[in-house]
1. What number comes out for accessible area per residue over the stretch 1-157 if the probe is 1.4 Å? Units Å², please.
2. Taking 0.36 nm per intervening residue step and subtracting the Cα-Cα distance, what contour gain separates residue 158 from residue 54 on full extension?
3. Given a Förster radius of 25 Å and the C-beta distance between residue 17 and residue 118 as r, what FRET efficiency does 1/(1 + (r/R0)^6) yield to the nearest 0.05?
4. Roughly how many Å² of residue 33 are accessible to a 1.4 Å probe, to the nearest 10?
5. Provide, in order from the shortest bin, the percent of all Cα-Cα pairs of the chain in each 5 Å bin, continuing until the bin that contains the maximum pair distance.
6. Which whole-angstrom value gives the distance between the alpha carbon centres of the stretch 80-134 and the stretch 149-172?
7. Taking the Cα centre of the stretch 97-172 as origin and charging only Cβ (+1 Lys, Arg; -1 Asp, Glu), how large is the dipole, in debye to the nearest 20?
8. Give the carbon-plus-sulfur fraction of the accessible surface of the stretch 5-170 in %, rounded to a whole number; probe 1.4 Å, heavy atoms of protein chains only.
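The values are calculated or read from the model by the stated rules, or taken from the named source; none is laboratory data. Just so you know, these numbers come straight off a predicted model, no measurement behind them. As a convention, Cβ positions derive from the backbone with ideal geometry for all residues, glycine included, and neighbour counts pool all protein chains shown. Remember, those area values only see protein heavy atoms, side chains included, never the ligands or the DNA or RNA. Shrake-Rupley method; radii C 1.70, N 1.55, O 1.52, S 1.80 Å.
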Amino acid sequence: MDPIYENSGSVTVRPAQLEDAEAVLTIRNHAIEHSTALWTTTLQSPAEGAAWLAVHLDRGSAFVAEKAGGVAGFAVYEPWRPKDGYRHTVGNSVYVREGAHGLGIGSALMTALIASARQVGHHVMIADIEARNTPSIRLHERFGFRHVGTVPEAGTKFGRWLDLTIMRLPLD
Ligand SMILES: CC(C)(COP(=O)(O)OP(=O)(O)OC[C@H]1O[C@@H](n2cnc3c(N)ncnc32)[C@H](O)[C@@H]1OP(=O)(O)O)[C@@H](O)C(=O)NCCC(=O)NCCS
């Protein structure tokens, strides 16, 4: 599939395909096991990972970044809340494979993600970020997201409370 974004560091971004499910699952399960980026400790099976990705493929809202021929990261946007009044607002997720951080891959994914959400006509993109996740907060700031609030102790993982930082980007 043709790339929709390419940067000077030979990172390409293209729409995700079902064949990417295993690579995406590996990245997600690593984040579940080792980080507070995803607020769960329940790993996904290959079938669950494929079903999760398939929902995004139907919407055209999933992208993968390739570097040196392999999937190095993925990004999705999805309805921020299920009720129809939120239908013009999307939440985003950006994940880069461990060992490939700091190479511009998250930025490449974010560029493609925002462009796609704008093209579809969404109004606002929101990032729900664990408050101590400085790399993610900086990445979002760099793309114009602004901090609109923090919910103290909104969740828990690894035996401690987690604060939720909410960042907002107007799309139109
Ligand atoms: C957050 C994440 C997606 C950033 O992706 P990345 O490919 O490493 O980011 P980039 O190389 O494109 O860097 C983009 C910006 O992010 C910020 N950033 C990246 N790594 C950082 C770090 N270790 N510390 C502080 N800021 C950092 C910087 O602002 C950077 O821009 P700059 O280099 O011009 O200052 C990546 O760290 C990641 O996958 N983390 C684990 C999963 C996660 O937390 N996802 C977000 C859930 S809300």
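1. Details: 8440 Å² over 157 residues.
That works out to 54 Å² for each residue.
2. On the way: separation 104, 0.36 × 104 = 37.44 nm, distance 2.96 nm.
Gain in length upon complete extension: 34.5 nm.
3. On the way: r = 23 Å, r/R0 = 0.90.
After rounding, the FRET efficiency stands at 0.65.
4. About 110 Å², ignoring ligands and nucleic acids.
5. 1, 8, 17, 21, 22, 18, 9, 2, 0
6. 14
7. Values: 9 positive and 7 negative charges, 27 e Å.
Here the stretch 97-172 has a charge dipole of around 140 debye.
8. Numbers: 4580 of 8750 Å².
The value for the stretch 5-170 is 52 percent carbon and sulfur by accessible area.
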